[in-house]
Structure formats: C-alpha cells, structure tokens
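*Asks:* This structure is in structure tokens; I'll ask about it shortly.
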Amino acid sequence: MKDLLNITIFALACLLPAWGARADEVIYDTSLSYNTNILSVDNGEEIGNEITLNAGTWSMTGFQVEYYSTNLLQSPQAGVDLRFYLNNAPAVNGIAPPGTLFYDSGWYYGLPAGSQGDTIAYEMSDLYQNALLNLPSGFILPDTFTFTLTFTNLNAADMLFLPLANSPTNQLAMSSGDYWVNSDGQWTLLTNSVPANFVVQATGVPEPAIAGLGILGGLLLAGAARRGWWR
C-alpha cells in the first residue's frame with residue numbers, strides 16, 4: 001500500500017505542472033470578419049459588446065481592439081478605458097444589462113498616432129493587475145459578459161470610429177451584433193443596419209474543472225496524510 005501511495009502522489013504531482021503549462025488560444029476573434037462599416041464614438045461615451053462563451057471555462061490572457069480616426073489624434077491626453085461587466089442587472093424586456101464591474105483597466109493616455117487605424121492591446125499582466133475580482137472564482141470568465149470602451153480628451157477635430165464586423169462563427173465565443181451604450185448610468189441595447197461587433201481578438205487558457213482539481217487535491221492530501229506530511 002505504501003508503494004501504491006508513493007506512485008499516486010508522484011504521478012499527480014507530475015500532472016499538476018503539466019496541467020498548468022497551457023498555451024493561449026483565441027477564444028473570440030472578429031478581426032477577420034470586418035464588414036467595411038464603422039461606428040462613430042462620442043467623447044466620453046461608454047460603448048461595448050456582449051460576449052457569450054460557447055463552451056468550456058476560460059481565463060483571459062489577452063485582449064485587443066481596433067479603432068479608426070479620419071485624422072491623427074494630436075492630443076497626448078487622448079485616452080481610453082476598458083471595462084468588463086457581468087450581465088446581471090435587472091432584466092429589461094427579458095435582457096439583462098451590464099451590472100457588476102469585474103475589470104477596469106483605468107485610463108491609458110497617449111493613443112498611438114501616425115496612422116489612421118491602430119490597435120489597443122492589453123496583455124495578461126494588464127488584465128490581472130487591474131482585475132476587481134468580483135467573480136465567484138477569481139478571473140475565470142463568466143459564461144456571458146460585456147466589454148466596454150470609453151474614449152476621452154479627444155480634440156474637437158478628432159473623429160474616432162470603431163470598425164464593425166460580422167458575428168464570428170465556429171469559435172469558442174460569440175456576439176450577437178448589437179451593442180450596449182451607457183448614458184448617465186442607464187444602459188441601452190442598440191442595433192444597427194449591419195452587425196455591430198467591434199473588431200476584437202481575445203485569447204485565453206482553458207481552466208480545468210473545479211471538481212477535477214478537487215479530486216486531485218483530495219488524493220494528494222489523503223496520500224500526504226497517510227505518510228504523515230500533513231499535520
């Protein structure tokens with residue numbers, strides 16, 4: 001029995017690092033389905049898409065979004081704020097608006113200039129550093145959530161747009177082509193004559209089932225207790 005316990009503990013201990021060494025996967029991507037349309041964004045307007053995960057449990061490791069301007073953003077104070085919300089506010093017409101805020105990037109100033117279009121990218125360190133952790137299990141993504149963007153300090157001559165894309169297909173997550181707008185704390189779900197998914201790519205790593213981790217942890221602790229390692 002002692003040998004069996006030794007083998008079990010050793011095997012599980014070897015599995016855990018391998019389980020954690022997971023490669024990033026693209027879980028949501030509309031960058032390849034741009035539909036040649038753009039949506040104008042007002043200074044200070046909070047606007048975003050609702051995303052639904054199709055399968056699996058994921059932790060986000062990267063997020064990037066494209067924007068477009070008819071002229072260069074001359075102001076070094078031009079900024080953007082990215083937020084993630086749970087869709088858990090009281091439902092209106094059967095649809096739950098954004099409610100609990102679980103990530104806020106804070107303001108990033110000095111949007112890239114020198115070209116009419118550019119990409120704002122958030123890496124894993126950006127995402128986890130500013131996570132508010134209002135989720136049941138840390139930064140594991142909920143089945144449905146809304147991301148929003150707010151631009152500020154744009155010059156009067158700056159016309160800023162978000163390129164629009166069709167709904168992604170055959171992916172791990174999807175959006176329905178409508179968009180949320182927050183006006184003085186009141187959320188409104190709007191549609192356009194064409195799908196209004198913003199051009200976004202999100203990457204993540206799959207999370208093992210909570211039950212699976214619980215079984216592994218239980219077996220490890222049981223083995224350790226039999227050997228007298230756990231006091």
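*Asks:* For region 32-68, enumerate the residues that are farther than 27 Å from ALA156 by Cβ, small (Gly, Ala, Ser) and either surrounded by 17 or more Cβ atoms within 10 Å (Cβ to Cβ) or without any contact (Cβ under 8 Å) to a residue 40 or more places away in the chain (or both).
*Replies:* Selection gives SER59, GLY62.
*Asks:* Say we look at region 113-123 and pick out the residues that are within 20 Å of THR148 (Cβ to Cβ) and not small (Gly, Ala, Ser); which of these is modelled with the lowest pLDDT?
*Replies:* Only one residue tops the list, namely ASP118.
One line per residue, one yes/no per condition, for (1) under 21 Å from the mean Cα position of the chain (by Cα); (2) at pLDDT 90 or above; (3) under 13 Å from ILE51 (Cβ atoms); (4) part of a loop (DSSP other than H, G, I, E, B):
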residue: LEU164; (1), (2), (3), (4): yes, yes, no, no
residue: GLY177; (1), (2), (3), (4): yes, yes, yes, yes
residue: TRP187; (1), (2), (3), (4): yes, yes, no, no
residue: PRO208; (1), (2), (3), (4): yes, no, no, yes
residue: LEU213; (1), (2), (3), (4): no, no, no, no
residue: LEU219; (1), (2), (3), (4): no, no, no, no
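*Asks:* Can you name the residue in region 143-162 that is in a loop (DSSP other than H, G, I, E, B), touching a residue at least 60 places away in the same chain (Cβ under 8 Å) and surrounded by fewer than 20 Cβ atoms within 10 Å (Cβ to Cβ) and, of all such residues, is nearest to the chain's Cα centre (by Cα)?
*Replies:* If we take residues in region 143-162 being in a loop (DSSP other than H, G, I, E, B), touching a residue at least 60 places away in the same chain (Cβ under 8 Å) and surrounded by fewer than 20 Cβ atoms within 10 Å (Cβ to Cβ), then ASP143 is nearest to the chain's Cα centre (by Cα).
*Asks:* Still on this structure: Regarding ARG83, is this residue under 22 Å from the mean Cα position of the chain (by Cα), at pLDDT 95 or above and among the basic types (Lys, Arg)?
*Replies:* Numbers: under 22 Å from the mean Cα position of the chain (by Cα): yes; at pLDDT 95 or above: yes; among the basic types (Lys, Arg): yes.
Taking the combined requirement at face value, the residue satisfies it.
*Asks:* Can you pull out the residues in region 74-110 that are touching a Phe, Trp or Tyr at 6+ places or on another chain (Cβ under 8 Å), within 26 Å of ALA157 (Cβ to Cβ), in a strand (DSSP E or B) and of a type outside the set (D, E, K, R)?
*Replies:* Selection gives GLY79, VAL80, LEU82.
*Asks:* Right, another one. So ALA131 passes all but one of these: (1) touching a residue at least 24 places away in the same chain (Cβ under 8 Å); (2) surrounded by fewer than 17 Cβ atoms within 10 Å (Cβ to Cβ); (3) over 14 Å from SER40 (Cβ atoms). Which condition number does it fail?
*Replies:* Just one mismatch for ALA131, condition (2).
The values are calculated or read from the model by the stated rules, or taken from the named source; none is laboratory data. All of these numbers come straight from a predicted model, not from anything done at the bench. Please note: Cβ atoms are built from the backbone with ideal geometry, for glycine as well, and neighbour counts cover all protein chains shown.
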